[in-house]
Structures are given as structure tokens and as C-alpha cells.
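Each remark here refers to the structure printed beneath this line.
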Amino acid sequence: MNAPTVREHRISPLGRFVLVVLAWLPLTFAVWYFAAPILLWPAALVSDWVSRLGFADLVRAVEQTGASVAFTTTLKPGQAIAGGIVTVDVNMLLYSFGLPLFAALTLAAREPKRLRTLAIGYVVLVPAIAWGVVADFLKNVAITAPAQVTSQTGFVAWQREAIAFAFQFGSLILPTVAPAIIWVLTHRGFLEQMRRTTTYR
Amino acid sequence: MIRFFILFIVLLALMFGIELTPWAQRWLVEPWTATLAHASATLVTAFDPGVISAGKVLRSTSNGFAVSIEAGCNGVEATIVLIAAMLAFPAPWKHRIAGLAAGIVAVQGLNVIRVISLFYLGQWNRDVFEWAHLYVWQALIMLDVLIVWLVWVRTLPRVEDSSGPPPPTSAATAAA
């Protein structure tokens, strides 16, 4: 009588965990997308601080609109447009999709104090998001803008190289790796237990 | 654990830096991306003969729609993350090599599915394509890397001493 039940549950803890993560992902993505203006407000704030502290001569104002931030610069678009200034819009969603991934992993692990873990992950991920946002802005004004704009920034060759690396790292590596690292660090007990568990249930 | 993470970050930054060099782009990344496009086209032609690849571009000959496989979509960064995680984690080299071989196949296999799915999503709906391309698939590929790494870690021989706590019983695990 029990045989069918046993067969039904022949899925490893890791397999079950993966299925639960996949079940959580649509919900966490939806929450992240619709709550982005609020969730990403701290990242916009950090981007504002960093850009004003580190690049005060370039940035006049940083303003959040929804999930985007607009950097108003001190740079002129060129002689053809008298009196104009360069503004750069950055989509923060591009650098924050690790938030729903981290949330799905955390909720699927079903460890105690999940809310605390979610809060820790969020706080740690905010600077990573800000990294991507600021690096995107710098890449725009220092590398991809027209020559008459990039020349006003005063960046020398090695600084442009550093900006390119920071942008690539902030867009290709940080958004995905940072949540995974934080999740592994905050779920060491869960991982150890999963590693020990070899029986199927 | 701290040693693992420091080593992981160092290896990751090192390999990522090498990947960005013009030499690596020309001799490794670009040929690999072209191979990925060709493999995707070969698979797709099994059910859709009107698809060709040229370099890193996958193109429909029926409606002209094409996708270009760019950095971040060729699975190179995900593979680098996996290699860094497996090299940084303490394990016998035999297990590392086996894990890397199987893991790279798993990551790149899912990446082929990503490329093909995006190719058809783009022809169906541009908004859905953008969402899947920019957010969903990025997260899924990293989830794949994490799962592959977890599976690999589970297969490693345990080197704990006998004074450690006994492994939990299946009943205790079921209650967790």
C-alpha cells in the first residue's frame, strides 16, 4: 500500500529545493518589478552619494523616476547645442534582478528567521546595485558618449579602462554572483544539512 | 569558508579580467560565441529549417528576425563563475576535473536553450523577449550554476573527523 507513496516522493532534497525556487521565482520577480520604485530607492540614494562624492565635478543632480535614475551632469553636449547639458538615464532593473533570485532562494530554503535573512541580503545587495548604476553612468559619459562630451570628463586612458572593467563587472558578474554569494553565506547550515542528506524521501 | 570566498573572488576577478582582454576576446570568446550560434542553429533546424547562423548571429530566413549573441548571453561569464567556485572549493583534483567537465556541459546546455528560446520569444513578442533576455534568463543561468555547484559539492568525499556530529537521520531531515 505504501509503495506508490514512496515512489511519489522519490525526489532528492536538492531537487525539491530547486522546484520550490522555481515556484517562488515568478512571485518574487513580480514583487520586485512592481515594487521597484520603492525597493530601489536606497540604491538610487547610494548612487547619488557615491557620484556626488567621487565625481562632484561631473554630477549636478541625481533623480529617481520609477526604476530609473537620471544623472544631470555638468557636461555640455557640444557647441551645436548652446546652453544644453548632458543627462544620463540608467535603468536600475538591469542591476537589481539578483534581488528576486535571492528572495526565491531564501524563501525556498525555509530556514528560520527568513525575514531577517531577506533584510540582510537586501542591505548587502544595495551597494552592488549602486555599483552597476554608477558604473553605467560613468561608462556613458566617459566611453560611449560623443568625443566632444568624453573629452570634457578629463578621464585618462587607464581611468577609462577601469571604468570599462567596473561596468562589465557590475553588469555581467555582480547582479548574479552577489545574491548567490550572500545566499550561500547566510545558509551555511542548510547547505551542510543538504550535503549530508543522501537519502531520498 | 572565508578562505573559499576570498579565493573565489580572486579567481573570478582574474578570469573575468583575462576574458575582457582583446586576446581572449579574439581567440576564445568570439570563436566560442560563433560555435554557440552554430550549435543553436543546428538544433533549431531539426524542427525549423529556415534558420541559419553567421558568426554570432542566429537568423530566420523566413522573416529576417535575428539575434546577436553578445557578452553575458554566451554563457562565458557563467562558466567562469562555475570554474572559480569549483577551483576555490577544497576538493580532490579528480573531482574538480569531473565536476568542471559535467558542470560546463550543464551550464552551456542550458545556455543553448536560452539562446533558442530568446530567438523565438523575440519573434513572438518584443516586450517578453526583453524581460526574458535582461532579467529572467540571467537569473536562471546563475541558478543553474548554483545548482551544479551544490550537486558537485554533494558528490565530494567527506573529510570530516570522527568527532563531528553524526549526520541527521532521514526522519530528522524530513522534519527540517
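The values are calculated or read from the model by the stated rules, or taken from the named source; none is laboratory data. This structure is a prediction, so every number in the text was calculated from the model and none was measured. FYI the Cβ positions are ideal-geometry reconstructions off the backbone, even for glycines, and counts take in every protein chain you see. For the accessible areas, the whole protein counts, side chains as well, though only heavy atoms, and no ligand, DNA or RNA atoms are used. Shrake-Rupley method; radii C 1.70, N 1.55, O 1.52, S 1.80 Å.
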The protein assembly as shown, dipole about Cα centre (Lys/Arg Cβ +1, Asp/Glu Cβ -1), debye to the nearest 20: 960 debye
By how many degrees, 0 to 90 and rounded to 10, does the Cα axis of helix B:2-20 deviate from the longest principal axis of chain B? 20 degrees
Distance in nm between label sites at A:Ala119 and A:Thr87, each 7 Å beyond Cα in the beta-carbon direction? 3.6 nm
Zone residues, region A:151-194, relative to B:His95, backbone N less than 20 Å from point 7 Å out along Cα-to-Cβ: A:184-185, A:187-194
Tell me, rounded to the nearest percent, the portion of alpha carbon pairs in region A:77-135 spaced more than 13 Å apart. 68 percent
Name the residue farthest towards the positive end of the dipole of the protein assembly as shown from the options A:Phe137, A:Leu115, B:Ala98, assuming +1 on Cβ of Lys and Arg, -1 on Cβ of Asp and Glu, about the Cα centre. B:Ala98
Could you run the Karplus curve 6.51 cos²θ - 1.76 cosθ + 1.60 with θ = phi - 60° over region A:70-78 and give me ³J(HN,Hα) per residue in whole Hz, x for Gly and Pro? 10, 9, 8, 9, 9, 7, 9, x, x
If you take the Cα atoms of region A:65-195, find Rg, then find the Kirkwood Rh from the mean of 1/r over all pairs, what is Rg/Rh? 1.14
Viscosity 0.692 mPa s, temperature 37 °C: give me the Stokes-Einstein translational D for the protein assembly as shown in µm²/s, with Rh taken as the Kirkwood radius over C-alpha pairs. 144 µm²/s
Hey, what's the per residue convex hull volume over the C-alpha atoms of region A:121-190, in cubic angstrom? 73 Å³
HN-Hα J couplings of region B:38-43 from phi, Karplus 6.51/-1.76/1.60, θ = phi - 60°, integer Hz, Gly and Pro as x? 5, 4, 5, 5, 4, 5
May I ask you to list, by number, the DSSP H helices of chain A whose Cα span along the axis is at least 20 Å and whose average Kyte-Doolittle hydropathy reaches 0.0 or more? A:13-34, A:114-139
Give me the Kirkwood hydrodynamic radius of chain B in Å, from all C-alpha pairs, to one decimal place? 18.3 Å
Accessible surface ranking that places the most exposed of A:Thr72, B:Thr45 first, with a 1.4 angstrom probe: B:Thr45, A:Thr72
Using modelled backbone amide H atoms (1.01 Å from N, in-plane), which distant-in-sequence or interchain residues come within less than 5 Å of B:Phe65's amide H? B:Ser60
Rounded to a whole number, the Stokes-Einstein D of region B:8-51 in µm²/s (Kirkwood radius over Cα pairs; 25 °C; 0.890 mPa s) is 201 µm²/s
Taking the Cα centre of chain A as origin, work out the dipole magnitude from +1 charges on Lys and Arg Cβ and -1 charges on Asp and Glu Cβ, in debye rounded to 20. 920 debye
So for region B:81-131, what are the equivalent ellipsoid semi-axes in whole Å, largest first, each being the square root of 5 times an eigenvalue of the Cα gyration tensor? 34, 11, 4
Alpha-carbon Rg with Dmax, taken over region B:11-106, Å: 16.1, 51
About the Cα centre of chain B, what is the dipole size in debye to 20, counting +1 per Lys and Arg Cβ and -1 per Asp and Glu Cβ, all else neutral? 280 debye
Read phi for every residue in region B:141-153 and hand back ³J(HN,Hα) as whole Hz from Karplus 6.51 cos²θ - 1.76 cosθ + 1.60, θ = phi - 60°, with x for Gly and Pro. 5, 5, 4, 4, 4, 4, 5, 4, 5, 5, 4, 5, 4
